[in-house]
Amino acid sequence: MIDHYGRIIDYLRISVTDLCNLRCIYCMPEEGVKKLRHGDILSVEEIEEIAAAAAALGIVKIRLTGGEPLIRGGILDIVRRVAHTPGIREVAMTTNATLLPRFARKLKDAGLTRVNISVDTMDPERYREITRGGEIEDVMRGIRAAVDVGLTPIKLNAVLMGGINEENIRPLIKMTEDADFRVRFIEVMPIGECSDWNKERFVSIEKVLDEEPALRYSGTDGVSKLYRKDGSKGSVGLISPISNHFCPACNKVRVTSDGMLKPCLHSAEEIPLRGLHGEVLIAAIRNGILNKPLKHELSRDGSESRRGMNAIGG
């Protein structure tokens, strides 16, 4: 489907939970979030119905997000139903990978295409600090499990935070040397938990090029500018929502775990989808896509969104 600004919108992110088994400092409160009642989040059947309605409008790719989607009850059934929706060509997932050793094979068999894995540092102690207790070895086991079953190509997402993980840029880039990992550095956004962070935490993505001058520009991949080191099998992507926003290339809309369509991550606009069916549901999604704003108004001063990332879906 084409929005009012001529962008082809063919990608939907559906959050299946706002809960997580980690407490990343830029995403989750240290004490966690209040658990929604079971009836307050989208059911498996509602997710399937939204996927079908979106596919009728030209959505071909769906990403399941959280929170951490692998803690959602019925996640394999969700993957299976979405993957078998006519018109959907790719079903991906964003995960912290800690539960992938248990789920990777079952996810692949259910129809999952590939995974994006959130990992902001390779340093065990720093990873523990950022996630408030996570273990990097759990992530590495998850990455190996994803590779073993073919949930590839794997993108490794790292949120760049000034004074927190800047010194960990090179070890992440090193992951691309011997394997086809797509390491993507993302500027931290002033939303949710980090909306009131000190401005020194917000570092331009150009910091990556300063740290590793051997990187050479090689093109684009959606919202990422791609770079490679000579001889590397993988690539490095730079995503700059603040310093050089990519809104003209945005092709996605989102649905929160409680059933609200968000045409733009940083907009306050939310369109309720729960309780809608058939042509009424399709019309609501169509209107959301048509009214997707030209660009967000995000700056270092904050997002217009009333929710944090865990409640929207990463």
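Restricting the calculation to Cα atoms, the chain shows an Rg/Rh of 0.94 when the hydrodynamic-style radius is the Kirkwood one. Taking the helices alone, the chain has a mean residue ellipticity at 222 nm of -7500 deg cm²/dmol, built from -39,500 (n - 2.57) per DSSP H run of at least 4 residues and averaged over all its residues. Here region 1-146 has an Rg and Dmax of 16.1, 47 Å, counting Cα atoms alone. Cysteine residues of the chain whose Cβ has no partner cysteine Cβ closer than 4.7 Å: CYS20, CYS194, CYS247, CYS250, CYS264. Of all DSSP beta bridges in region 137-226, what percent run antiparallel (nearest 5)? Just about 35 percent of them are antiparallel. The dipole here belongs to region 11-312: it is taken about the Cα centre, uses +1 on the Cβ of Lys and Arg and -1 on the Cβ of Asp and Glu, and is about 760 debye. Between VAL203, HIS84, GLY231, the Cα set farthest toward the positive side of the dipole of the chain (charges on each charged residue's Cβ, about the Cα centre) is that of HIS84. Enter the Cα centre distance for the pair region 213-285 and region 125-204, rounded to the nearest angstrom. Region 213-285 and region 125-204 have Cα centres separated by 18 Å.
Every number in this text was worked out from the coordinates using simple rules, so none of it is lab data. As the structure is a computational prediction, the values presented were derived from the model and not from experiment. Quick reminder, even Gly has a Cβ in these numbers, built from the backbone with ideal geometry, and neighbours come from all protein chains shown.
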